[in-house]
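Reading through the structure tokens given below for one structure.
The values are calculated or read from the model by the stated rules, or taken from the named source; none is laboratory data. In this text, all values refer to a predicted model and were calculated from it rather than measured experimentally. Note that we place each Cβ from the backbone using ideal geometry, even for glycine, and neighbour counts take in every protein chain shown. These accessible areas exclude ligands, DNA and RNA; they are computed on the full protein's heavy atoms, side chains included. Shrake-Rupley method; radii C 1.70, N 1.55, O 1.52, S 1.80 Å.
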Amino acid sequence: MATQLVDRVPARGSLDWDHLHFYVGNAKQAAHFYATAFGFRIVAYAGPETGSPGRASYALVQAGLRFVVTSSLAPSDPIADHVRAHGDGIRDVALRVSDARAAYANAVAAGARGVTEPHEEHDADGHVVLATIATYGDTVHSFVERDAYAGAFMPGFVAVANSPEAPHAPNLRGIDHCVGNVGWDEMDPWVAFYARTFGFSQLVSFDDRDISTQYTALRSKVVSDAEHRVKFPINEPARGLKKSQIEEYLDFYGGPGVQHVAIVTDDIIATVRALRSNGVKFLETPASYYDALAERVGTIDESIATLRDLSILVDRDDRGYMLQIFTKPLQDRPTLFFEIIQRRGSLSFGKGNFKALFVSIEEEQAKRGNL
Ligand code: FE2
């Protein structure tokens, strides 16, 4: 029956990123970290003082990026249970739509599991319409309709002044893509899920011949909306001589979840310098990577010596090139990390860098004794 509904695609053409909602052990400290290390401003708060007993949430904003970090104040509730199972991580990859009721109805009709039915929330600044569906693992997608809302973040939150500030502004601009790690042989079913429920089509795929080292491997496919605004790469582990980095993630996260979020900058050199000065740690790149770089990517505007100093990676496709770098995990578990990306025409996700990156990731994995 579901196949007959494939053409009833939800909210096609009007999808965009809304916010990422992190469930964490200590939202007060997480908010401070994302403010002072990554340059976000804490703009709003919800908690017992504002009519939300049992939790504390901080909304953070930077240009086109919105994060929310939430902790439970109780020993057991859905937030505490999520943190117990997964550690700190992204619970909700929330998407902005023009009609949350239609997006939800169409996604559910196409086979998505509903989590929260469409409902309105109001305050003095207007109203939003929210609805939530399930995706891989315990991760969800909320649909957010906020055209009629003018407040700092959402009803239930109060505006906050005097956010802590990063010593060096990294000038992050927005989300490029958000990557899910799923289990063995689960990639294709999740690619089909996004095709069916969101009308996404497949942009690119990498198999284990592209993405493998001597030891570990993964497979990856990227699905996207028609405008290439919302891009979801989906990774699954592949067999290698030793444990795949995707398996390590699945072990430590307790199942599928968001592996990394790629954040756009217009000047990756200035951004990475600022982030490093603020204390953000990045994966280091083997020095040999830069010896072969000019030959692999041709002429680029940036100095290769500078890229080497900062460990920034470069990849090229037929449309141009892109620069990228990956942070170390953002929490003690080797789970979620960020990518910083600057596109100079390229639509690539860095296939040419996987090998160099994996060598580097595996060095870190070996230090943890998990390779
Ligand atoms: Fe990425």
Legend entry - P(r) histogram, all alpha-carbon pairs of the stretch 1-151 included - 5 Å bins from 0, percent: 2, 9, 16, 21, 21, 16, 9, 4, 2, 0, 0
Legend entry - Taking the C-alpha atoms of the stretch 172-368, convex hull volume expressed per residue in Å³: 120 Å³
Inset, instruction - Can you tell me the FRET efficiency between Ala192 and Ala169 if r is taken as the Cβ-Cβ distance and R0 is 30 Å, rounded to the nearest 0.05? - result: 0.15
Inset, instruction - For the stretch 71-136, just run the numbers: alpha carbon Rg, then divide by 2.2 N^0.38 Å, N being how many residues it has. - result: 1.32
Inset, instruction - Would you kindly state how much longer the chain becomes between Ala161 and His228 on full extension, computed as 0.36 nm times their sequence separation minus their alpha carbon distance, in nm to one decimal? - result: 20.7 nm
Inset, instruction - Report the FRET efficiency, 1/(1 + (r/R0)^6), for Arg113 and Asp251, where r is their Cβ-Cβ distance and R0 is 22 Å, rounded to 0.05. - result: 0.35
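How long is the gain from Thr50 to Leu347 if the chain were fully straight, where each residue apart is worth 0.36 nm and the alpha carbon distance is subtracted?
102.6 nm
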Inset, instruction - Note the direction-averaged projected area, equal to a quarter of the hull surface, for the Cα convex hull of the chain, in nm². - result: 18.2 nm²
Inset, instruction - For Val140, enumerate residues with amide H under 5 Å from its amide H, sequence gap 5+ or separate chain, H modeled in the peptide plane. - result: Asp92, Val93, Thr135
Legend entry - Exposed-loop-free span, longest in the chain, where GluC sites (Glu not before Pro) count as exposed if DSSP calls them loop and at most 14 other C-beta atoms lie within 10 Å: 1-164
Legend entry - Carbon + sulfur, % of accessible area of the chain - ligands and nucleic acids excluded, 1.4 Å: 49 percent
Inset, instruction - Taking just the C-alpha trace of the stretch 30-79, give me its Rg and Dmax in Å. - result: 11.7, 35
Inset, instruction - Would you mind checking which residues have amide H under 5 Å from Phe282's amide H? H placed 1.01 Å from N; only 5 or more apart, or other chain. - result: Lys328
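From largest accessible area down, sort Asp251, Asp77; use a 1.4 Å probe on the protein chains.
The most accessible residue leads, giving Asp251, Asp77.
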Inset, instruction - Over the chain, average the accessible area per residue using a 1.4 Å probe and give it in Å², no decimals. - result: 41 Å²
Legend entry - Of Ser303, Gln342, Ile263, farthest towards positive along the dipole that unit charges on Lys, Arg, Asp, Glu beta carbons give the stretch 222-371: Ile263
Legend entry - Computed label-point distance, nm, for sites Arg308 and Ala124 using a 7 Å Cα→Cβ extension: 5.9 nm
Inset, instruction - Please sort through the DSSP H helices of the chain and keep those with an alpha-carbon extent of at least 18 Å along the long axis and a Kyte-Doolittle average not below -1.0. - result: 351-367
Inset, instruction - Would you kindly find the accessible area of Leu323, with a 1.4 Å probe and non-protein molecules such as ligands, DNA and RNA excluded, rounding to the nearest 10 Å²? - result: 0 Å²
Inset, instruction - Along Cα→Cβ, 7 Å out, is where each label goes; now give me the distance between the ones at Ala134 and Asp332 in nm to one decimal. - result: 3.0 nm
Legend entry - Amide H within-cut-off set for Ala238, under 5 Å, with H built and near neighbours excluded: Ala217, Leu218, Arg219
Legend entry - Efficiency of FRET from Cβ geometry, Glu363 and Ile300, R₀ 25 Å, rounded to 0.05: 0.45
Legend entry - Normalised contact order of the chain, rounded percent, pairs of Cα under 8 Å and 6 or more residues apart: 16 percent
